[in-house]
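One structure is given here, and the rest of the page talks about it.
The values are calculated or read from the model by the stated rules, or taken from the named source; none is laboratory data. Just so we're clear, the structure is a prediction, and the values are computed from it rather than from any experiment. Note that each Cβ is placed from the backbone with ideal geometry, even for glycine, and that neighbours are counted across all protein chains shown.
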Amino acid sequence: MMFGFTGANQLTEVEACFQGGQKLMVDAEALVHLVESGEMIKATLKAKEVYSEFSTVLGGCKNMDEDMTRIKLWADIFTQPKELMETVAKNAVLHNVGIRKDIKDEKVKM
């Protein structure tokens with residue numbers, strides 16, 4: 001997921017400053033399982049937890065203002081649960097096959 005925000009040129013820098021992310025990784029995996037099982041309300045709550053953990057694990061990142069801004073703008077949706085639920089529900093219906101394929105592909109990478 002981070003690669004999509006930072007691109008190939010910044011991924012090394014993000015990996016270098018990524019600190020204490022074990023809980024974030026566990027919570028992100030739990031979020032994927034909740035989405036897979038269709039538990040969107042629980043997924044929204046878990047997504048909010050994941051969002052709050054980003055600032056902790058990426059707090060050591062320096063000279064990455066542009067990348068961090070993109071990540072924060074994307075993650076801002078998790079502070080607006082109603083809008084997030086509407087967006088998730090709409091996208092789940094419209095892009096169900098693609099979402100399931102993406103989840104499957106990501107599991108292979110883990």
Looking at the structure I just gave you, is Lys90 more than 13 Å from the chain's Cα centre (by Cα) and part of a helix (DSSP H, G or I)? yes
Would it be correct to say that Val57 is at pLDDT 75 or above, over 25 Å from Ala92 (Cα atoms) and surrounded by 15 or more Cβ atoms within 10 Å (Cβ to Cβ)? yes
With the requirement that a residue be in a helix (DSSP H, G or I), free of Cβ contacts under 8 Å to residues at least 40 places away in the same chain and over 12 Å from the mean Cα position of the chain (by Cα), what does the range 27-49 give you? His33, Leu34, Lys42, Leu45
Looking only at the range 50-87, which residues are among the polar types (S, T, N, Q), over 20 Å from Gly21 (Cα atoms) and part of a helix (DSSP H, G or I)? Thr79, Thr87
Qualifying residue in the range 94-110 (condition: more than 21 Å from Gln19 (Cα to Cα) and surrounded by 15 or more Cβ atoms within 10 Å (Cβ to Cβ)): yes
